[in-house]
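Below is one structure, written out as C-alpha cells; the observations come after it.
The values are calculated or read from the model by the stated rules, or taken from the named source; none is laboratory data. All of these numbers come straight from a predicted model, not from anything done at the bench. We place every Cβ from the backbone using ideal geometry, glycine too, and count neighbours over all the protein chains shown. The area values use the complete protein model at the heavy-atom level, side chains included, leaving out ligands, DNA and RNA. Shrake-Rupley method; radii C 1.70, N 1.55, O 1.52, S 1.80 Å.
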Amino acid sequence: DAGITQSPRHKVTETGTPVTLRCHQTENHRYMYWYRQDPGHGLRLIHYSYGVKDTDKGEVSDGYSVSRSKTEDFLLTLESATSSQTSVYFCAISEWGFSNQPQHFGDGTRLSIL
Amino acid sequence: GENVEQHPSTLSVQEGDSAVIKCTYSDSASNYFPWYKQELGKRPQLIIDIRSNVGEKKDQRIAVTLNKTAKHFSLHITETQPEDSAVYFCAAKGGGADGLTFGKGTHLIIQP
C-alpha cells in the first residue's frame, strides 16, 4: 500500500466551524490531490498540488482552501463548514502528474457537518 | 471540462460468468484511463489502467479496451468470483497536472 495517512479518519462538527483535514505521505511524490465522494456522484476533484506551495483548483473548489508547506503534507481547510460539505474526503498521490502516473488513494476521512 | 459517463450503475452476474462495464468520455485530449475497485468503507484501489497509445491491456482475469475514435473504454472481468463484488469506477485524465474525472460507478454483484 502507498504510504498515505489521512487524519482524522472520522469527524463530526457543527455548521460554521472551521475544519482542517490532513494528508501525509511518505513516498516523496510531487503530486497530491483532494477528492470528495458523495452517493451518486463518484469522486470529484477539489484541489490539487504539483509541488510545495503550488496548488490549483479542481471541479468543486468553492468553500475549500488548501496548503502545502512541505512535500509530505497537504492540508484541506473548510473555513466555515456547511451541511453540503458532509462527505467522505480522499487524498491521492502520484509521482508525476503530466506523464499520467497512477494515483493512489488514502483511506479517507468521513466528515459530518451537523 | 472532461465528462465521463459510466454504465450500467448496477450489474448482477452469476459466479463464473463475465462482466463488462462501459465508459465514455468527452475530451479527445484525454490520454490516461484507470479503473478503480472500491469495497464498502474502503479506499478506491487501482486495478488496471490504459494509456491512449494502447488499444487493450490484460492482467489475469481483468482486461481493459480503449476505442479512441469513439471515445469509449470498457472493463472486462472474466470468470467472476465472489470477491469481485464491489463498486468499480472508471476515470479519465488529460495531459495536464490536474486530477482524474471519474464516472459515477458500477455496483457489481456476483450471485452465487
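Applying the condition of being among the hydrophobic types (A, V, I, L, M, F, W, C) and more than 17 Å from B:Ser18 (Cα to Cα) to region B:49-63 and asking which residue is least open to solvent (accessible area, probe 1.4 Å) yields B:Ile50. Answer yes or no as to whether A:Gly63 is of a type outside the set (Asp, Glu) and facing chain B (nearest Cβ under 9 Å). No; evaluated as a whole, the condition is false for this residue. Could you grab me the full set of residues in region A:16-60 that are away from chain B (no Cβ under 14 Å), charged (D, E, K, R) and under 12 Å from the mean Cα position of the chain (by Cα)? A:Arg22 - this is the single residue of region A:16-60 that is away from chain B (no Cβ under 14 Å), charged (D, E, K, R) and under 12 Å from the mean Cα position of the chain (by Cα). Filtering region B:73-112 to residues that are more than 10 Å from chain A (Cβ to nearest Cβ), over 17 Å from B:Ser52 (Cβ atoms) and of a type in the set (Phe, Trp, Tyr) leaves only B:Tyr88. Scanning region B:1-35 for residues that are surrounded by 20 or more Cβ atoms within 10 Å (Cβ to Cβ) and farther than 13 Å from B:Ile77 by Cα yields B:Val4, B:Gln6, B:Cys23, B:Tyr25, B:Ser30, B:Phe33, B:Pro34.
Suppose the filter is in contact (Cβ under 8 Å) with a residue 12 or more places away in the chain and more than 9 Å from every other protein chain (Cβ to nearest Cβ); does A:Arg68 pass it? So A:Arg68 passes the test.
In region B:58-72, the qualifying residues are those that are within 14 Å of another protein chain (Cβ to nearest Cβ) and not charged (D, E, K, R), and the one that is farthest from the chain's Cα centre (by Cα) is B:Leu66.
Counted as qualifying within region B:1-57 are the strands (runs of 3 or more DSSP E) with 3 or more residues that are more than 12 Å from chain A (Cβ to nearest Cβ) and more than 19 Å from A:Gly58 (Cβ to Cβ), namely B:10-14, B:19-25.
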